[in-house]
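A short worksheet on the structure shown next.
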Amino acid sequence: MAVKMTKAQRRVWKRSGYAEGRRSRPRMDIKKDDLVVVLTGADTGKQGKIVQVLRDQNRVIVENVAMVTRHQRRRPGVLQSETVEKPAPIHRSNVMIICPSCERPTRVGHSTLPDGNRIRICHHCNEILDRERA
């Protein structure tokens, strides 16, 4: 998906090394359906499940967090125009995963199983965050 950039943003992008493929983008340790807590902003302390991960924008959409109102126009199939509340994307650095076993916000560690699969682990209790893979 092409992102529109200003000249200044394009200049910074070219200098950063991402444009030529010299550097990869930061790894997303957050996945869909993870339980997270919001660290900063108006919704600090709220918990919710990740609905969508926007990798190209480095953002996530968390249910019932950062709700914004949008006005929907009247269309031929729908009789009324309406005001819709939906969650807005927030930056991935503003959320932290909650470990399902110790129920604490934690950083994500990585480990390799004996069969070669890489998994995410909790930094507090060293339990596996990816239950479906283990």
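What follows is calculated from the coordinates using simple rules that are stated; it is not laboratory data. Here the structure is a predicted model, which is why all the values come from computation and not from measurement. Virtual Cβ from ideal backbone geometry, glycine too; neighbours counted across all protein chains shown.
On the Cα set of the chain, report Rg and Dmax in Å, please.
Using the Cα atoms of the chain, the pair Rg, Dmax is 18.9, 59 Å.
Give, in nm to one decimal, the length gained when the segment between ASP29 and GLN47 is fully stretched (0.36 nm per residue of separation minus the Cα-Cα distance).
4.8 nm
Dipole of the chain, Cα-centred, from +1 at each Lys and Arg C-beta and -1 at each Asp and Glu C-beta, to the nearest 20 debye?
Computed about the Cα centre, the dipole is about 1060 debye.
Need one number: nm distance between label points at CYS102 and ASP56, each 7 Å from Cα along Cα→Cβ, rounded to one decimal.
Label at CYS102, label at ASP56, 3.7 nm between them.
Can you tell me the dipole magnitude for region 26-98 around its Cα centre, using point charges on the Cβ only (Lys, Arg +1; Asp, Glu -1), in Debye to the nearest 20?
280
Would you list, by chain and number, the aspartates and glutamates whose Cα falls below 12 Å from the Cα of LYS86, excluding same-chain residues fewer than 8 positions away?
Filter leaves GLU63.
Could I have the simple spin-label model distance between MET5 and GLN72, label points 7 Å from Cα toward Cβ, reported in nm to one decimal?
Result for the modelled spin labels: 3.5 nm.
Where a Cα-Cα gap under 16 Å defines reach, which lysines qualify for LYS31, not counting those fewer than 8 residues away within the same chain?
LYS49
I'm a student and want to see the number: the projected area of the Cα convex hull of region 26-98, averaged over all directions, in nm².
Result: a mean projected hull area of 5.8 nm².
Which lysines have a Cα lying under 23 Å from the Cα of LYS4, excluding residues fewer than 8 positions away in the same chain?
Within the straight-line limit of under 23 Å, LYS4 reaches these lysines: LYS14.
Projected onto the charge dipole of the chain (+1 at Lys/Arg Cβ, -1 at Asp/Glu Cβ, origin at the Cα centre), which of GLN47, MET5, SER93 gives the Cα projection farthest towards the positive end?
Most positive-ward Cα: MET5.
For the chain, set up a GNM with springs between Cα atoms under 10 Å and report which of VAL95, VAL60, VAL84 has the largest fluctuation.
Evaluated over the chain, the most mobile residue of the options is VAL84.
Multiplying the sequence separation of HIS123 and THR40 by 0.36 nm and subtracting their Cα-Cα distance, what value in nm do you get?
Working it through step by step, the gained length comes to 27.8 nm.
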